[in-house]
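Student: One structure is given below, represented as structure tokens, and several questions about it will come after.
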Amino acid sequence: MKNTIINTILLHFKDVKPKLKIASNDAHFKQELGVDSLDMAEFIARIEQEYRIEIPDADWPQIATVNLLAEYIRNAGN
């Protein structure tokens, strides 16, 4: 299940930042990959729509990597 979530996250990320490559699922979106807040907002909106969840702005620091976001999504389904 987690691998499916990760693959979906990466597909959405690629739609938002097609030229940016994620070398590690633990790379920090903003600090290591340089994703700006506008791109992050678009990315989060796609994830919210895909999984029919709401991710409050206050939770964004908790989802700073692909792996953390995948865990967040899994926990949101419970």
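The values are calculated or read from the model by the stated rules, or taken from the named source; none is laboratory data. Here the structure is a predicted model, which means the values were calculated and not measured. Every residue, glycine as well, gets a Cβ built from its backbone with ideal geometry; the counts of neighbours run over all protein chains shown.
Student: Any residue that is modelled with pLDDT under 95 and touching a Gly at 6+ places or on another chain (Cβ under 9 Å) - is there at least one of those in region 20-41?
Tutor: The answer is yes; a qualifying residue exists.
Student: Ok, one more. ASP15: modelled with pLDDT of 95 or more and out of contact with any strand residue (DSSP E or B) (no Cβ under 7 Å at 6 or more places or on another chain), yes or no?
Tutor: No.
Student: Surrounded by 13 or more Cβ atoms within 10 Å (Cβ to Cβ), in contact (Cβ under 8 Å) with a residue 40 or more places away in the chain, aliphatic (A, V, I, L, M) and on the phi < 0 side of the Ramachandran plot: which single residue out of ILE44, ILE55, ILE63, ILE5 fits that description?
Tutor: Only one candidate passes the filter, namely ILE5.
Student: Taking only pairs six or more apart or across chains, which ones have beta-carbon atoms under 7 Å, a first residue in region 24-40 that is touching a residue at least 40 places away in the same chain (Cβ under 8 Å) and of a type outside the set (Asp, Glu), and a second residue that is surrounded by 11 or more Cβ atoms within 10 Å (Cβ to Cβ) and part of a loop (DSSP other than H, G, I, E, B)?
Tutor: Going by the 7 Å Cβ cut-off, the qualifying pairs are ASN25/THR65.
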